[in-house]
Amino acid sequence: MNVRMPFRPFNPFTAGAPCILVRCCFLNGHFIEINGRSRRSRRKIYYLHRRYKFMNRIEKQISRFRGWLPRKPMKLDKETLPDLEENDCYTAPFSQQRIHHFIIHNKDTFFNNATRSRIVHHILQRVKYEEGKNKIGLNRLLSNGSYEAAFPLHEGSYRSKNSIKTHGAENHRHLLYECWASWGVWYKYQPLDLVRRYFGEKIGLYFAWLGWYTGMLFPAAFIGLFVFLYGVTTLNHCQVSKEVCQATDIIMCPICDKYCPFMRLSDSCVYAKVTHLFDNGATVFFAVFMAVWATVFLEFWKRRRAVIAYDWDLIDWEEEEEEIRPQFEAKYSKKERMNPISGKPEPYQAFADKCSRLIVSASGIFFMICVVIAAVFGIVIYRVVTVSTFAAFKWALIRNNSQVATTGTAVCINFCIIMLLNVLYEKVALFLTNLEQPRTESEWENSFTLKMFLFQFVNLNSSTFYIAFFLGRFTGHPGAYLRLINRWRLEECHPSGCLIDLCMQMGIIMVLKQTWNNFMELGYPLIQNWWTRRKLRQEYGTQRKTSFPQWEKDYNLQPMNAYGLFDEYLEMILQFGFTTIFVAAFPLAPLLALLNNIIEIRLDAYKFVTQWRRPLASRAKDIGIWYGILEGIGILSVITNAFVIAVTSDFIPRLVYAYKYGPCAGQGEAGQKCMVGYVNASLSVFLVSDFENRSEPTSNGSEFSGSPLKYCRYRDYRDPPHSPVPYGYTLQFWHVLAARLAFIIVFEHLVFCIKHLISYLIPDLPKDLRDRMRREKYLIQEMMYEAELERLQKERKERKKNGKSYHNEWP
């Protein structure tokens, strides 16, 4: 029979000592004196300010200005937050044998609820409930249906009839809701110490990283908005968009077979103006800035993480406290070897077995990536087929904007495919990770995380890479188009360029995915919890429901994701990729990410406090493999942005024209006056009679001039039809190609040099933290010397008391 069983109260002082290390405040008679000196030393070393007359004057002026502003509006009210930790005392792994060394004011509150839950879970994971090979652990009982759920309890209700300002918080959950999960405090800093105490270090580190990432997005969003506004203000002065809008006499060749008509270049006026908003003179600067920003973000996060690890006592938490997974113990319990660190026997996985499992897993990853590529290939076929269908559509709005309609529908279909494949990828990644049999929980998480990130990153960005670097690049030219399977003509870029397609792809995917993620994170649990409460009211009534015990109330909440914080991290890491990898094509990406993250922090907080069961507290020293993934994205962003600027945008062709072929050629200038005639120089001439039979349009273009068209234009650098080599590449094409390659090399080397220089100049540990750690190490050594000296002096007194004396005694 299925039963629901909450964790019972647990007393670590009376129970048998479990094999889990918990760090607690540690002292003896010497520690009290040393701690007193340590506190005085810290104030003397770290809080001494040197005053100068000039600085005093500046501070007085600043203080006058601050008098007109609210005082620290983002700071939390310290009166409502309890003193959570005794940060001035030393800590050590708890042991019953050394219980007299620890500061214990009250045995009932010495271990907080999160730590007690960890201890209980550790014991339940390793208890043998029945004779047999795999009859071990609580997870086994949950998987076979013996128990429905096992979870730590929330500390009461998160709501109260009384105001927290007048009556205080009833419990930590109520306090977290009022000062963290409430939407009214969206602009305030997060109470990270309280989050860590209630949910554990691992969840606390996630919110610390999310808050740091959101704060670092402010300068990126501001600069991106500035680039966009710069494009808006310079729109009327852009020579290229002016020429496109005034080119009523330039007739462009059809962009698809048969049904696409000839069109005036001036019909692309709106798209040319929109392209200028994102592709302007400030784009290159912004791409360099974002590459440097990614490095600064990661380097300063390392410093911030070090401070948090020190404050939360995670500096010395290493693999010696890492636990072996029960599944690994059950699988390889017959094979044991001595652990070189602990000297104790432990289960062992043979090298051949590990290699064979890794090979099978790698093959599965490769197969799933091929599935993604096949899906992208299907989207490409849809685009090349649909553009002709939309060109023959009966509605004039769709017929005249067939290419935009094709791009928009393709992006929406691509998003649906992405969401469907994500479900399949999760099951495949879980199967492959369990097949590998990782040794520890951190190894399992790292392996699963890497697989899921690879799947979802390729799934989410494959179409974007196609639009950025392949769309319109290998189409051939009128009269000799390249075709897919010798049937479908490859899609061309819009007459105003390919950047507008890339902007649409990024904007639609980013907005849709963030909206969907926010709904699934909060909307779905809200609907499920509402439905559960409705059924309980119908079954028990309102009065009976309010008298439920806490474990019953928590059981009716939604369980946390089986993979812990994986979904939260993955969502933010994929957003970081969107913010950096193609930011040169979409400068508003950091602003959208900032707005989403401001909501995301409170949304996640509300979800953890009110909608989810309380997750099991666990420790972590950093964000794990996600940091390495962030570094990889930062490196990839430099390469992709270099190619976006050089290949996708028209920055390099315009630069080559201004310095080599324009009115200012040879003068060393590149202003707007030097771009006169650029549009005409970037278009080639095609003889209409040279069309292939299957490409020849149904219209002869007589609606433009009253007689059939003889010539049309297309985007390329090719010779005219009557030249000695018809439609061969011109010298300008090779100049542009060489300039693009040179720009990629120079841009990448310059940005990588700046990134490495910044990494070298910014130390991983802040200087005050390093000095504080050295100071504490010195005090500990001094304490140990004094303790040893006192022990020897006591032994000497005992010898004298017993009438024994020795020569050459020390001291």
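Quick notes on this structure:
- Fully extended contour minus Cα-Cα distance, from LYS660 to TRP186, at 0.36 nm per residue: 165.3 nm
- LEU591 accessible area, assembled protein chains, probe 1.4 Å, Å²: 50
- Our coupling estimate for region 717-724, obtained by passing each phi through the Karplus curve with A = 6.51, B = -1.76, C = 1.60 and θ = phi - 60°, is 10, 10, 5, x, x, 9, 7, x Hz, Gly and Pro reported as x.
- Between ASN422 and GLN246, the simple spin-label model (points 7 angstrom out along Cα→Cβ) gives 4.8 nm.
- Using R0 = 22 Å, the C-beta based FRET efficiency linking MET784 and ASP316 works out to 0.85.
- For the set TRP734, TRP551, the ranking by accessible area, highest first and with no ligand, DNA or RNA atoms included, is TRP734, TRP551 under a 1.4 Å probe.
- Listed pairs LYS202/LYS767; LYS331/LYS427; LYS165/LYS202; LYS165/LYS777; LYS202/LYS535; LYS128/LYS535 exceeding 32 Å between Cα atoms: LYS165/LYS777; LYS202/LYS535; LYS128/LYS535
- Per-pair calculated FRET efficiency, R0 = 56 Å: ARG534 and GLU776 via Cβ, rounded to 0.05: 0.50
- The alpha-carbon atoms of region 674-747, seen along their principal axes, cover 49, 27, 23 angstrom, with the largest extent given first.
- Listed peptides 785-791, 684-690, 271-277 by packing density, highest first (mean Cβ within 10 Å): 271-277, 684-690, 785-791
- Residue-span extension gain [ASP622 to PHE351] - 0.36 nm each, minus C-alpha spacing: 94.7 nm
- Each residue of region 175-180 is assigned a 3J(HN,Hα), and the resulting list reads 5, 4, 5, 6, 10, 9 Hz, derived from the Karplus form 6.51 cos²θ - 1.76 cosθ + 1.60 (θ = phi - 60°), x at Gly and Pro.
- Short to long, the 10 Å bins of the Cα pair-distance histogram for region 561-641 hold 15, 40, 32, 12, 1 percent of all pairs.
- Sites GLU692 and PHE519 - FRET efficiency at Förster radius 51 Å, r taken between beta-carbons, to 0.05: 0.55
- On full extension, the segment bounded by GLU669 and GLU795 gains 36.4 nm, given 0.36 nm per residue less the C-alpha separation.
- Inter-label distance for ALA330 and ASP768, nm, one decimal - labels placed 7 Å from Cα along Cα-to-Cβ: 5.0
- Bins of 5 Å from zero: percent of alpha-carbon pairs in region 623-723: 2, 10, 12, 12, 12, 10, 11, 10, 7, 5, 4, 2, 1, 0
- Computed label-point distance, nm, for sites THR409 and TYR147 using a 7 Å Cα→Cβ extension: 5.4
- Which of ASP257, ASP764 is most accessible, then next, and so on - probe 1.4 Å: ASP764, ASP257
- Here the contact order of region 169-271, divided by its residue count and restricted to Cα pairs under 8 Å and six or more residues apart, works out to 14 percent.
The values are calculated or read from the model by the stated rules, or taken from the named source; none is laboratory data. Model, not experiment: these values are computed from the prediction. When we count neighbours, we look across all protein chains shown, and the Cβ atoms used for this are built from the backbone with ideal geometry, even at glycine. SASA here: full protein model, heavy atoms, side chains in, ligands and nucleic acids out. Shrake-Rupley method; radii C 1.70, N 1.55, O 1.52, S 1.80 Å.
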